[in-house]
Amino acid sequence: MSWLVNRVLAAWVRCKIVPEEAQARLHERRRPVCYVLERRSAVDLAVLQNVCERLRLPKPHRRLLRRRGELRSYVYLSRVRGFWTERLDRRPPPQFEQMVRMLELDPDADIDLVPVSVYWGRAPQREKSWLRLLLVENWAISSGVRKFLQVLINGRDTLVEFNEPISLRRLIAQEHGPAARGRRISRTLRALFIQRRTARIGPDLSHRRTVVTRVLRTRAVRAAVVQLMREKKISRRAALREAAGYANEITADYSHAFVRFLERVLTWLWNRLYDGVAVGHLETLEQVAQGNEIIYVPCHRSHMDYLLLSYVIYVNGYALPHIAAGINLNLPVIGRFLRMGGAFFIRRRFRGNSLYTVVFMNYLATIMGRGHSIEYFIEGGRSRTGRLLQPKTGMLSMTVRSFLREPLRPVVFVPVYFGYERIVEGSTYVGELSGAPKEKESILGLVRALGRMREKFGRVQVNLGAPIPLSEVLARHGPWPLRGAHEDARSACVGAVVDELAGRIMRNINAAAVVTPVNLLAMTLLAMPRQALPQSDLIRQIDLYRALLAGVPYSDRVTVTDLSGEQVIDYGERMKVLQRHRHPSGDVLRMSDASAVLAAYFRNNVLHLFAMPSLLACVFLSNAEVSDEDMQRLAGRIYPYIAAELFLRWSDAEVPAVVAAVLAELARHGLIEHVAARGVWRRPPSSSAQAMQLSILAQATLQTIERYYLAIALLLDAGSGSISQATLEERCQLAAQRIALLYALNSPEFFDRALFTNFIDLLRSRGVVRSNAAGSLEFDAVLLHVAADAQFVLSEQIRHSILQVTHA
């Protein structure tokens, strides 16, 4: 009968073996091999037998140790018991004790335990049948009928995973007695199977109702319910109903079958919208997936971010994360679908609502404790300018506090960068930056967005940034009070941990940037007054940018397009980003006014990569020669403000070396010249092509420095102690809008009030300005030094233009 089952399964089942080097790894072992299957299943054993025959590995049905008993080379870790109510018998298999006795009789003998997992329908390929969605691998006990249907429907899509061999002798070295050693083996293998199954199909999350019940039964929620009864003078039932309402509003209702269905839909959608979806540095997940609680923290460019990240994670064989979504997305019908895809909903503000806070934090702790990965957008909302927004640390703080209360699994943050060439909400963003009210999410808005599905949006790249273990950050701010200590004992240090984490996450997101052809075109053409350049100049500038990124790499995770300058132009024309104007002296390429405003978004995506070269190039706009000392001083003085705005990766101590490397690279391309005898850097002749390239490069950060100078000029004009921060921010925004109108600046972020707020906050944190008792800003000579540095960089014409507007 066993032979017949093997032959039938060999003809029907198609397996993918992971890892690919499993065969070589097991062939290298010289010890006897015993395969361990997670649960008793004759079908799984038959599949393993066929795979071993195919790979020429030791077969599971042969004797484990020849001439020593009847033990075979396989063991079931658990068995199903019961007739009406099935349950798993988790007692150690008797074979473990027999193996231990064999090793006791022969001190030189050892056995390699090889845990093997068989997943029916979980291999990361596209499904061929909708029926497979109902029979995918899960955590439930499979009946004979379900197992038969799984083989029949999902048998062509089976994943067999061989884990690292485990030395039995080494595993039991710390235990004494066959029974104790058998329990040790069983516990270790069960934990390993749970880790691998969690990494492949996600943790064992119960039905939504069960999760809600568990949250409501926690001690913290019960205490909050009692507090609500006292405050509102309501019955316990009414208070519990309110808590249950919050829990049901928040909780996801994950459905694996729906996710498999959604995979098919999204595959069709991406093929319709995009020319390709690529993922970079996927090996990062392989490094951190096992044994860790993964928190995905992506930047937020578009509503597509939710779907894209989940899609690339899932199709590459990893568990789908639970996603924190704003309550504004809990729309009729759509909200239910999002919950089934793993979304849980959070209110934008819930300060002052202690019951909601406690329910949410306990829900977060519940899914973290069960090992489910989580995803949330650290910026809070979508960036309308293309730059990273200042981080919103609410979810981050709750994550840290949840871990400190119940540190069950190590927490690792994985930053994620999205690189788009077009975004669905582009025109909406431009309108909002120009003063139009923010559009609320609605079913009607979704229907209108469906009309854009006929358009093409280029390629999308999803890059994973360098992971950040929470333990590393906690160690720098420790020691921490023991679990169970009063919350106040931890509160003082949690804020510092969260701030450091937020900064590192934002910097690591930017360090995984994607440079697309559209980014390079936007960087170049937006530097010109009419967003136009001759074709030869455009090609030369794009090739320069690519060379700078290769010569002084920002990060080893930055992905740069392989297209040359000429190919980038061809691609831009196909994407309708560029317009070609024929001319006998050479074609001119330009952007339309509408494209130019939207192109500022894509320039800002990668502005941080060119910030240091551009900042140094700015110095030569109004200075023919600059000494080494002045270059270092100016860079060191201005860098902290640009670094805070653009989340640059270098510390203040690293800046001198970076400045030296960038100057050398600019000199290598002929943009500047070092006169070593005099210790100065000299710009090229103004009539040369290199001078034009240097000027175009400088424009990338010139508006940022102009904005700084505008804020400082308005503060100096008002006088020390004469203006509040709110009033100064308002004046800065109005003056910037006026400059944009007078000088036709196609950059809506130039008058973004949030950027002025961040700059003034940074001036305060660095002690350049301070608030007095009346709330007005005071300053001293330090601000004059900052203003002098800005004056040194900006040309006289630009300074006069800004001063005219400020006096007006």
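The values are calculated or read from the model by the stated rules, or taken from the named source; none is laboratory data. Quantities reported herein were computed from a predicted structural model and do not represent experimental measurements. Using ideal geometry, Cβ is built from the backbone for each residue, glycine included, and neighbour counts are taken over all protein chains shown. Surface accessibility is based on the protein's heavy atoms, side chains included, excluding ligands, DNA and RNA. Shrake-Rupley method; radii C 1.70, N 1.55, O 1.52, S 1.80 Å.
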* HN-Hα J in Hz across region 614-623 - Karplus 6.51, -1.76, 1.60, θ = phi - 60°, x for Gly and Pro -> 5, 4, 5, 5, 4, 4, 8, 5, 10, 9
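Between LYS16 and ARG101, what's the calculated FRET efficiency when r is the beta-carbon distance and R0 is 45 Å? Round to 0.05. Could you put the intermediate results ahead of the total?
Details: r = 38 Å, r/R0 = 0.83.
Computed FRET efficiency for LYS16 and ARG101 comes out at 0.75.
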* Sequence-distant or interchain residues sharing an amide H contact under 5 Å with VAL560, placed H: which? -> VAL515
* Asked: Does anyone have the angle between helix 593-605 and the longest principal axis of the chain? Alpha-carbon axes, 0 to 90°, nearest 10?
  -> 60 degrees
* Label point at SER801 placed 7 Å out along Cα→Cβ; residues across region 589-632 whose backbone nitrogen lies under 16 Å -> 618, 621-622
* Residue-by-residue Karplus 3J(HN,Hα) for region 180-197, coefficients 6.51, -1.76, 1.60, Hz, glycine and proline x -> 5, 5, x, 5, 4, 4, 5, 4, 4, 5, 5, 4, 5, 4, 5, 4, 5, 5
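What's the carbon and sulfur percent of the chain's accessible surface, probe 1.4 angstrom, rounded to a whole number?
Values: 19270 of 36130 Å².
Ligands and nucleic acids excluded, carbon and sulfur give 53 percent.
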* Taking the chain and dividing mean pair separation by its residue count, relative contact order in percent (alpha carbons under 8 Å, at least six apart) -> 9 percent
* Structure fact -> Once the dipole of region 361-420 is set up from charges on Cβ (+1 Lys and Arg, -1 Asp and Glu), the residue from the list PRO407, THR366, LEU389 lying farthest towards its positive end is LEU389
* Potential lengthening between ARG582 and GLU730 on full extension [0.36 nm per residue; Cα-Cα distance subtracted] -> 48.8 nm
* Descending Cα extents along the principal axes, region 269-411, whole Å -> 47, 35, 32
* Asked: In nm, to one decimal, how far is the SER536 label point from the GLU28 one, both placed 7 Å along Cα→Cβ?
  -> 5.8 nm
* Asked: Taking the Cα-to-Cβ direction at GLU673 and at PHE350 and moving 7 Å from each Cα, how far apart do the two end points lie in nm?
  -> 6.6 nm
* To do: Take the alpha carbon atoms of region 274-294, find their center, do the same for region 532-567, and report the distance between the two centers in whole angstrom.
  => 27 Å
* **Cα-centre dipole for region 1-121 with unit charges at Cβ (Lys and Arg positive, Asp and Glu negative), debye to 20** => 360 debye
* Structure fact -> With 0.36 nm assigned to each residue of separation and the Cα-Cα distance removed, ALA689 to ASP89 gains 208.2 nm
* Structure fact -> Relative to the chain, whose Cα atoms define the longest principal axis, helix 144-154 and its Cα axis are tilted in degrees, nearest 10, by 50 degrees
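Which length gain, in nm to one decimal place, applies between ASP761 and ARG476 when the Cα-Cα distance is subtracted from 0.36 nm times their residue separation? Could you put the intermediate results ahead of the total?
Values: separation 285, 0.36 × 285 = 102.60 nm, distance 2.56 nm.
So the chain would gain 100.0 nm between ASP761 and ARG476.
Tell me, what is the FRET efficiency for ARG56 and LEU329 to the nearest 0.05, using R0 = 35 angstrom and their Cβ-Cβ distance as r? Before the final figure, lay out each step's value.
Numbers: r = 53 Å, r/R0 = 1.50.
Plugging the Cβ-Cβ distance into 1/(1 + (r/R0)^6) gives 0.10.
Suppose every K and R has +1 on its Cβ and every D and E has -1 on its Cβ; what is the size of the dipole of region 551-614 about the Cα centre, in Debye to the nearest 20?
Values: 7 positive and 7 negative charges, 40 e Å.
In total the dipole reaches around 200 debye.
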* **Other-chain or far-sequence residues with amide H under 5 Å of GLU421's (modelled H)** => ARG459
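For the chain, what is the mean residue ellipticity at 222 nm derived from helices alone (per DSSP H run of n ≥ 4: -39500 (n - 2.57); sum divided by total residues; nearest 500 deg cm²/dmol)? Write out the running numbers ahead of the final one.
Details: 32 runs with 415 residues, N = 808.
Computed ellipticity for the chain at 222 nm equals -16500 deg cm²/dmol.
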* Asked: What is the list of residues in region 705-730 whose amide nitrogen lies under 20 Å from a point 7 angstrom out from the Cα of LEU621, following Cα to Cβ?
  -> 705-715
* Asked: By DSSP, what percent of the beta bridges with both residues in the chain are antiparallel, rounded to the nearest 5?
  -> 50 percent
* Asked: Ignoring ligands, DNA and RNA, what accessible area per residue does the chain give at 1.4 Å, in Å²?
  -> 45 Å²
* **Diffusion coefficient, µm² s⁻¹, Stokes-Einstein with Kirkwood Rh over alpha-carbon pairs of region 285-367 at 25 °C and 0.890 mPa s** => 170 µm²/s
* Structure fact -> Pseudo-spin-label distance ARG336 to ARG219, built 7 Å along Cα→Cβ, given in nm, is 3.9 nm
* Which FRET efficiency value, to the nearest 0.05, do you get for ARG170 and ASP652 by plugging their Cβ-Cβ distance into 1/(1 + (r/R0)^6) with R0 = 51 Å? -> 0.60
* Asked: So, in Å, what gap is there between the alpha-carbon centers of region 378-393 and region 34-51?
  -> 49 Å
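Can you tell me how region 579-622 classifies by the Cα gyration tensor, rounded, prolate or oblate, using a/c under 1.5 as the rounded cut? Present the calculation step by step, with values, prior to reporting the outcome.
Details: a/c = 3.19, a/b = 1.52, b/c = 2.11.
Taking the square roots of the gyration eigenvalues as a ≥ b ≥ c, region 579-622 is oblate.
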* To do: Specify the angular offset, from 0 to 90 degrees and rounded to the nearest 10, of the alpha carbon long axis of helix 725-742 from the longest principal axis of the alpha carbons in the chain.
  => 70 degrees
* Asked: Each residue of region 165-177 in order: what ³J(HN,Hα) in whole Hz does its phi give by Karplus 6.51 cos²θ - 1.76 cosθ + 1.60, θ = phi - 60°, with x for Gly and Pro?
  -> x, 10, 5, 5, 5, 5, 5, 9, 4, 8, 10, 10, x
* Asked: If you take the charge dipole of the chain about its Cα centre, with +1 on Lys and Arg Cβ and -1 on Asp and Glu Cβ, which of LEU65, ALA343, ASN330 is farthest toward its positive end?
  -> LEU65
* Structure fact -> The long-range amide H neighbours of TYR35, using H built 1.01 Å from N in the peptide plane and a cut-off of under 5 Å, are TYR74, VAL75, VAL114
* **Gap separating the Cα centres of region 652-690 and region 577-609, nearest whole Å** => 28 Å
* Cut-off 19 Å (backbone N to label point 7 Å along Cα→Cβ of LEU282), residues of region 550-583 -> 557-560
